1. Which of the residues that make up region 85-105 are over 20 Å from ALA125 (Cα atoms) and either open to solvent by less than 40 Å² (accessible area, probe 1.4 Å) or outside any helix (DSSP H, G or I) (or both)?
2. Please go through region 106-121 and pick out each residue that is under 21 Å from LEU59 (Cβ atoms) and part of a loop (DSSP other than H, G, I, E, B).
3. Within region 108-132, restricting attention to residues that are open to solvent by less than 70 Å² (accessible area, probe 1.4 Å) and over 18 Å from THR79 (Cα atoms), which residue is modelled with the highest pLDDT?
4. Where residues in region 65-84 are outside any helix (DSSP H, G or I) and in contact with a strand residue (DSSP E or B) (Cβ under 9 Å, 6 or more places away or on another chain), which of them is surrounded by the most Cβ atoms within 10 Å (Cβ to Cβ)?
5. Picking from LEU41, LEU51, LEU59, which residue would you name as being closer than 27 Å to ARG128 by Cβ and modelled with pLDDT under 90?
6. Can you find a residue that is without any contact (Cβ under 8 Å) to a residue 12 or more places away in the chain and in contact with a strand residue (DSSP E or B) (Cβ under 8 Å, 6 or more places away or on another chain) anywhere in region 40-52?
7. Which residue pairs have Cβ atoms closer than 8 Å, lie 6 or more positions apart in sequence or on different chains, and pair a first residue in region 72-100 that is farther than 18 Å from ALA134 by Cβ with a second residue that is open to solvent by 30 Å² or more (accessible area, probe 1.4 Å) and not in a helix (DSSP H, G or I)?
Amino acid sequence: MNQIPNDDTDAPRGRGPLLVGAVFVLMIGIFIGALSATVLLRMSIGSAGDLKAREATALHALIEAPDGIVAPDISSERTTAAFAHSFIVSTAAIDAVSSLDERAKLVDIARWMVATDALSAREDAVSRWAMIAARCVDTNAEAPKDAANCVRDEMPHDVPIPDHARD
């Protein structure tokens, strides 16, 4: 075996190719990061837009009539029924609401409903069940899991969906 002795007098290798490769890898990383951030940002903005579009569609259903806008008394009835149904569904899942602010708002609404007997005078089933849900949430305000279980236990399995909200 012949080994070439390593002389310190040999010229050191240039670091140019290594530096070019490192810069190339860094630039690709920045490009991928920027692209990912753009896609994620667009998806989150798009989701907010989708939610607002669904909200506008649902609100339109409350005021829609074949010949234009519906009469105020019918619109009020539809709105109240839609609120009662939405309140029941949201309180049955109050333990799954991740935003503490939204959860606190639901508790405040439940307390308002109990304090004012807001829907008690109405004779429809959805309003009665919304009041039951409000009492459950008011009673278990500090324990969302217990509140959700109370709502689910007290509710019949066939909470009706208001006619105008059906697809």
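1. If the condition is that a residue be over 20 Å from ALA125 (Cα atoms) and either open to solvent by less than 40 Å² (accessible area, probe 1.4 Å) or outside any helix (DSSP H, G or I) (or both), then ILE94, VAL97, SER98, SER99 are the ones that fit.
2. The answer is ALA118, LEU119.
3. Taking region 108-132 as the starting set, the residues that turn out to be open to solvent by less than 70 Å² (accessible area, probe 1.4 Å) are 109-110, 113-114, 118-120, 122, 124-127, 129-132.
Imposing the further condition that a residue be over 18 Å from THR79 (Cα atoms) reduces the set to 114, 132.
Values: VAL114: 96, ILE132: 93.
Across region 108-132, the extreme among qualifying residues is VAL114.
4. Applying the first criterion (outside any helix (DSSP H, G or I)) to region 65-84 yields 65-71.
After this cut, where a residue has to be in contact with a strand residue (DSSP E or B) (Cβ under 9 Å, 6 or more places away or on another chain) as well, the list is 70-71.
Numbers: VAL70: 18, ALA71: 10.
Ranking the qualifying residues of region 65-84, first place goes to VAL70.
5. Numbers: LEU41 fails: closer than 27 Å to ARG128 by Cβ; LEU51 fails: closer than 27 Å to ARG128 by Cβ.
Result of the check over LEU41, LEU51, LEU59: LEU59.
6. no
7. If the second residue must be open to solvent by 30 Å² or more (accessible area, probe 1.4 Å) and not in a helix (DSSP H, G or I), the pairs left are SER75/ILE69.
The values are calculated or read from the model by the stated rules, or taken from the named source; none is laboratory data. Owing to the predicted nature of the structure, the values given are computational and were not obtained by experimental measurement. Ideal geometry is used to build each Cβ from the backbone, glycine not excepted, and the neighbour counts take in all protein chains shown. Remember, those area values only see protein heavy atoms, side chains included, never the ligands or the DNA or RNA. Shrake-Rupley method; radii C 1.70, N 1.55, O 1.52, S 1.80 Å.
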